[in-house]
Every structure is written in C-alpha cells, then in structure tokens.
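First up is the structure itself, then whatever we jot down about it.
The values are calculated or read from the model by the stated rules, or taken from the named source; none is laboratory data. Please read all numbers here as calculations on a predicted model, not as lab measurements. Cβ atoms come from the backbone with ideal geometry, glycine included; neighbour counts cover every protein chain shown.
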Number of protein chains: 2
Amino acid sequence: MQEEIETLWEEVRELSLGSSSQVERLHSPPSPLRFLREFVSANKPCIISNATLHWPAISSWSTDSYLNRALSSDDHHLVSVHLTPNGRADALAPNPNGDPSSLCFASAHVESMPFHLALLHISNSKKGFVAYAQQQNDCFRTEYSALAADCEAHIPWATEALGCLPEAVNLWIGNHFSETSFHKDHYENLYAVVSGEKHFLLLPPTDVHRMYIRQYAQAHYSFSQATGEFTLEVENPVRYVPWCSVNPYPSPETRDREISEFPLYFNGPKPFECTVKAGEILYLPSMWFHHVRQSPDSQGRTIAINYWYDMQFDIKYAYFNFLQSIHYLSTHVPTLPGMECDYSSSDASECNLRDQLCTDSSVANEVEGSKDDENYRTPVS
Amino acid sequence: MQEEIETLWEEVRELSLGSSSQVERLHSPPSPLRFLREFVSANKPCIISNATLHWPAISSWSTDSYLNRALSSDDHHLVSVHLTPNGRADALAPNPNGDPSSLCFASAHVESMPFHLALLHISNSKKGFVAYAQQQNDCFRTEYSALAADCEAHIPWATEALGCLPEAVNLWIGNHFSETSFHKDHYENLYAVVSGEKHFLLLPPTDVHRMYIRQYAQAHYSFSQATGEFTLEVENPVRYVPWCSVNPYPSPETRDREISEFPLYFNGPKPFECTVKAGEILYLPSMWFHHVRQSPDSQGRTIAINYWYDMQFDIKYAYFNFLQSIHYLSTHVPTLPGMECDYSSSDASECNLRDQLCTDSSVANEVEGSKDDENYRTPVS
C-alpha cells in the first residue's frame, strides 16, 4: 500500500500545484466563478495580493492607541487571551503524568481581561509567559465587534462563490512566539493578514498518513498570578484528542529522534511554504493540514482575521475518509509511550480514526472551548 | 480492504445524493455559480428540466422531411453510421477466436452514406442489422453543421461555469435497439435529449471496482453488402482495450453466471437510474460510469446532442487513480478465459490499470476511430 499512497502524494502535487511547487499567487481578487472553479472545486490553495488594501484596518491597527480607544469605550468589556509558557496553545507538550518522552495535548489558560491589558501582555510576552489573542469562536463578530467597520464583514467574491456568509470570523493578535501546530479545519478558510506576516506550511489532505495523527490526553495550562508560573494538568478522567504528531521545527536535541519517529513527514515531499503579508489573503482549502508561525510588525505584533465558510461535504470528503481509513504500512514507526492510539474507536492499527461529521463536531466542542458556547475549530480526526 | 471500499461506496451515495437516492432534478437551468458549486465541484449529477425547450430542434427534428431537407442540400454530403448486428457498438461480444465463453471488445462497422439513407437504416433497423448515428468526433459541428441553427452551439450557463467552450459536440440518432455499455468519459458531459427518451444507469467513480474493468482484445464488425451479414474480426496483432465487464441487463440464460462472476455489481448498491426526456439535460459528471438505453419517439428514433467540456484534473482525479490502483480482495471472482488481464502494464492483480493522462489519450485514439482524425471518447482505463 505504501507505493500507491506515495504515488497519490506525488500526483496531487503535480495536478494541484504544477511543476513550480509554489502556491499560486493572484495579483488581484479573482471573480467568484474563477475562485470556485480553479481553487475551491480543485481544493487548491492560492494567495491573493492586493486583496484588502482598502480596509481601514490596514493602516489604523498598527498603533496601540487606535486599538485601545476602539476597544476600551466600555470599561467592562473583556477579551479572551490564551496564555501559555511558550506560545504554543493546542499543541503537544510533555505529559506531566507520564514518563519524560510521553506527550499530551495542551490547551492554553484562557483569561478574560480588558483589551489594553491583553495588548500589553501580547506585546510584552517573553519566554515563560506568552499571550496570544486567538479565541476561535467567531470572536471578531463578538468580542471585537467595535472594530467591525475597519474590515469587511465577509470577503465578497468568496461569499458569492461559496454561496453563503462566513460561519465564523476570528481575530488573531500574536507575536513572534505564537505558533499553531499542524492541524486541519473542516472549513473553507480565507485568511487575511492585517499587520506583520504569517508563515504557513501546507500539506494536502492526501498527506494524512504523514501527519501521524494519534490520540493524546487532553491537558490544560493554568496560570497562577501568585507564583507567576504555569502548571499543566491532564483532565481527569482522561479524555483523548486526535492530533498531528509532527512538529516540523524540532529542536536540535530532539531532531534526530523526531526524524526517525516520523519518517513519512521528514523524508517525504516537502510541505508547501508560503508567507502571507499585510493586505494579502491566503485561501486555505478545507482539509489541508497547516502549521503557522508569524513575523511581527514594528509594534511586535501580527494581526490577522480569518473567515471560515462552510465546506461542501462531497466526494472529496468521502475520498479523504477512505484514504484515512487505510493502513499505511511503515516499517520504521516505533510506538512511544504516551502516543497510544485509542483503538476502541477504530479497527485500524495506526490511529486512522474515521472522520465522521457528527464525531467531528462533538470532539470540536470538547477540545478547547470549555468557556465557549460553541467552538469552531475542528481538531484533526 | 473490502470494508473500507464498501464504506466509501455508501458514503459517496449519502453525501452526493442524499437519502432519496434519486438524481436531483432542477426545474430550470441553474446559475453558473450554483451549477459549479453544487454539481461540478461536488462531482454530482443532476437533470435540468425546461433546459432546451426554446431550441427549434425540439419541434422540427421529429419529422424525416425536415432533417432530410436540411442534410441533403449537397448530394455528396455523407454522414457516418455505426452498423452492428444488435445495436451494441463498443461493447463486449463473443470472441470469434476464443472458446465460447471468451469475449472481445467489438466496435461497429462505420459506413459513410447520404443522410436520408442513414435515417432509413436507423428507422428500419431490425435484429441482425442495427444502424446508430453515434460518431463521437465532434460530429454535430462537422457532419451535421447544417443543423447548427436548430440548437445552441454550447450550453450558456455550463460554458460560463466551466470557463470554456465545449471540446466536442456530438449528435446521436438511435432507435430502441441502441445501447451503450458501461464506461466513463474524461469530460464534463451535458447530455440534451431532443426527441424520445434516454435511460441512464449511473455509478460514481468510487464504484470502479464494481465495474470489473479488464482487458479485452479489440475487434471490429464488418458488414458485407453481398451477404447482408456481419463478421467480427479481432485485430491482428491483438491489441487490448480496458473495458467494464458488467452488463447490467444480462439475458435469462447468462444471468446466474454473470451474477456470480460480478458479485460486487449485482450484490452491491444499485446504480442510480434516471430517464432524460426531450427538452431536458442530464449533467453527467466526469468519471461517472454510465450505461445508456433509449425509448424512441413516434418516428422510432431517439435524438440527442451531448456537449463535452474539458474536466479539471484535480485532487478528485488523483483520488480516483489511487482508488483504482488498490486491489479489492474478493473471494468470489473466478477468472474466465478471455477475461485475462494485461498484467504486464500493472502490478495490481485485478486489472487495476493506472489511469494516466497520456495513456488515456493514446488509448482513446486507438480504440474506435481508425477513420477519425481524432477520437473524443475515452475508454475506461
């Protein structure tokens, strides 16, 4: 089966991305028909330049004073900030209950605070205490509604192409520590950078086996104001979350071990790398795996808004589920403690959990958002 | 692997066609965006009613006199007619060189003749001599260009959606004998019935294993005016064509044998059945397997025009190739003589020949059209 799956990896690269192996860049927004035909239907990413230069946000959001004024008119207005020791929320971390090599899925400590304080924390983040405004529950239309006039409520050509308004619009204010680990979303994603730059690694859904999706115990950081320190606690009773095992930027100390543990990723075709700058939009097709880092603007921040539109659950989705249900027989995948599969929910032997619509949404509601009514980020499953 | 593939069959049915298991029927042409979003992108068929009622052809093509006048202004103008003993051109037939159960892929005797003669042959077909005007080399824009004003040169909303004009437009004039065996095309197909009715069986591309695609020796009918009889001859040297083995309407004598030989088809989910009437268009998505029969109008004929638009070779195509490359392990598929695979061109053990763009076009050129400059019908491969 290896050979057939590896041929698929190559063919999708050839057919979707051509010989350049670069994400296609459009110099202005496409017509709705072209966007739908060449990108959404084909499940193919693109970057659109000169997409949002007309937004007031592009100029006005680069100063603290403007943002603070807009978001502090009501003293009681609070925003949610994700606090972690390292900028990596919803990512794998050493399991505090396991042996040294065991990992868990760590979610941030989410703290509500006045916006000016949030901005201070984001700007003054340091190793050991990193703040990231990245609440993914449609926060731009709720917590940040005071900024609505600075952007468009939706991306007009995408809305016309997709035939619906966005299901969620999220604001992201991060810094150079902020990092989002590999995952996929069950949405068509229009990702608009307002300030700074975002660096994406992209892998097509057909590379699912290269992500080594495994079950990890759900854990949560909690931050103590008293000690100024984080503790990480695994939920009790333990609940498992399927997540990508691959960290594409391993530290020098763990590099060799990670390469030998995840050979399909490190020895296979390279992910597509792209950088999205202020004024540009990345179309990130549904089901594509993505990893995100960022470069800050002169204020030390990266600000972006993403629009999640409903995806079509069509033959592509069925094909993906089929592919994921297949065992990729690799002779070089040692199983480490803490990376155990939840075999009870699958009859496959390599954590190829079947992706079901109902399962997805129920898992999504459980993963991050204990404080949210709804959670729009679908973990990999 | 059976279980995973069978789940895929079911999931595509559920996701693409919903609980009704009926091909969706639109009561008027969709907007280009809707057509692209809901049908082409999703690779999902639909029938559009009231699609071509404004065509002059709908009324004028039901009389011989009109057609003869339009197509006989030039005495030397000839059209191509496919002659077979049974109405089944490009279908499996007993191999004249093999044992009684061995089959070959039989193409019609193609005869050029004045149109009025072609029409007489089609109308007066009988068992043993069946004529079918079904030249698939863009014949509507060449042999039948005198009829151009009676139809549209393209389907406007499909052209806008797909972003190109049709690659080929074909006219089909058949009778109740005419039948097209299961195959797929690498085109988006808009199939407009002008007179009579067409009965389609449709299977999604994900059902590829249920078609038992095998290699058959290419053979040709030739008709002798002298004896009034057909002979069927296998090409020498033998050349093999991959084709679907399943005949969905086996005769009472062969029924039991065929059911036990092709259990995945006969015991699996039913194909989608639909009837397309005069004035309606079937959108037949690229890569869907289809089998076609027809009911004639009061003149004994069924007339249709189909528009082949280029398909996008995108992630769906790559997924299909992957699926086809996988061996479906069935314990009940006996191999009969004459159904041999060409193992040399594949390392799979059940004739899962990989579908390559270049291979397709080269095979297509070889299959039917020794008399054609170009051949637009892509055999299953």
Verdict on B:Asn86 being crowded, with 16+ Cβ neighbours inside 10 Å, under 24 Å from the mean Cα position of the chain (by Cα) and either in a strand (DSSP E or B) or in contact (Cβ under 8 Å) with a residue 60 or more places away in the chain (or both):
yes
Please verify whether segment B:314-323 includes one or more residues that are touching a His at 6+ places or on another chain (Cβ under 8 Å), modelled with pLDDT of 95 or more and either polar (S, T, N, Q) or closer than 24 Å to B:Pro156 by Cβ (or both).
no
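Checking the conditions here, which among A:Pro85, A:Pro45, A:Pro29, A:Pro56 is within 14 Å of chain B (Cβ to nearest Cβ) and at pLDDT 95 or above?
Working: A:Pro85 fails: within 14 Å of chain B (Cβ to nearest Cβ); A:Pro29 fails: within 14 Å of chain B (Cβ to nearest Cβ); A:Pro56 fails: within 14 Å of chain B (Cβ to nearest Cβ).
After ruling out the rest, the residue left standing is A:Pro45.
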State all residues of segment B:105-122 that are in contact with a helix residue (DSSP H, G or I) (Cβ under 8 Å, 6 or more places away or on another chain) and either assigned to a helix (DSSP H, G or I) or aliphatic (A, V, I, L, M) (or both); if no residue qualifies, say none.
B:Met113, B:Phe115, B:His116, B:Leu119
Segment A:155-191 - residue that is assigned to a strand (DSSP E or B) and out of contact with any Leu (no Cβ under 8 Å at 6 or more places or on another chain) and, of those, nearest to the other protein chains (Cβ to nearest Cβ)
A:Tyr187
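For (1) charged (D, E, K, R); (2) touching a residue at least 12 places away in the same chain (Cβ under 8 Å), each residue gets a yes or a no:
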position	(1), (2)
B:Ile5	no, yes
B:Gly18	no, no
B:Leu26	no, yes
B:Arg34	yes, no
B:Ser41	no, no
B:Thr52	no, yes
B:Leu71	no, yes
B:Asp75	yes, yes
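Go over the candidates B:Cys274, B:Cys244 one by one and state the one that is more than 25 Å from B:Thr52 (Cβ to Cβ) and of a type in the set (A, V, I, L, M, F, W, C). Outline the logic, then answer.
Working: B:Cys274 fails: more than 25 Å from B:Thr52 (Cβ to Cβ).
The unique qualifying residue is B:Cys244.
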Any residue in segment A:50-66 that is within 30 Å of B:Ser41 (Cβ to Cβ), of a type in the set (A, V, I, L, M) and crowded, with 19+ Cβ neighbours inside 10 Å?
yes
Please pick out the residue among B:Pro100, B:Pro96 that is free of Cβ contacts under 8 Å to residues at least 12 places away in the same chain, under 26 Å from B:Arg257 (Cα atoms) and surrounded by fewer than 18 Cβ atoms within 10 Å (Cβ to Cβ).
B:Pro100
Within the group A:Glu4, A:Glu10, which residue is facing chain B (nearest Cβ under 10 Å), touching a Ser or Thr at 6+ places or on another chain (Cβ under 6 Å) and among the acidic types (Asp, Glu)?
A:Glu4
Please report, ordered by residue number, the strands (runs of 3 or more DSSP E) entirely within segment A:225-318 with at least 3 residues that are touching a residue at least 24 places away in the same chain (Cβ under 8 Å), more than 14 Å from chain B (Cβ to nearest Cβ) and within 21 Å of the chain's Cα centre (by Cα).
A:240-244, A:272-277, A:281-284, A:289-295, A:302-310
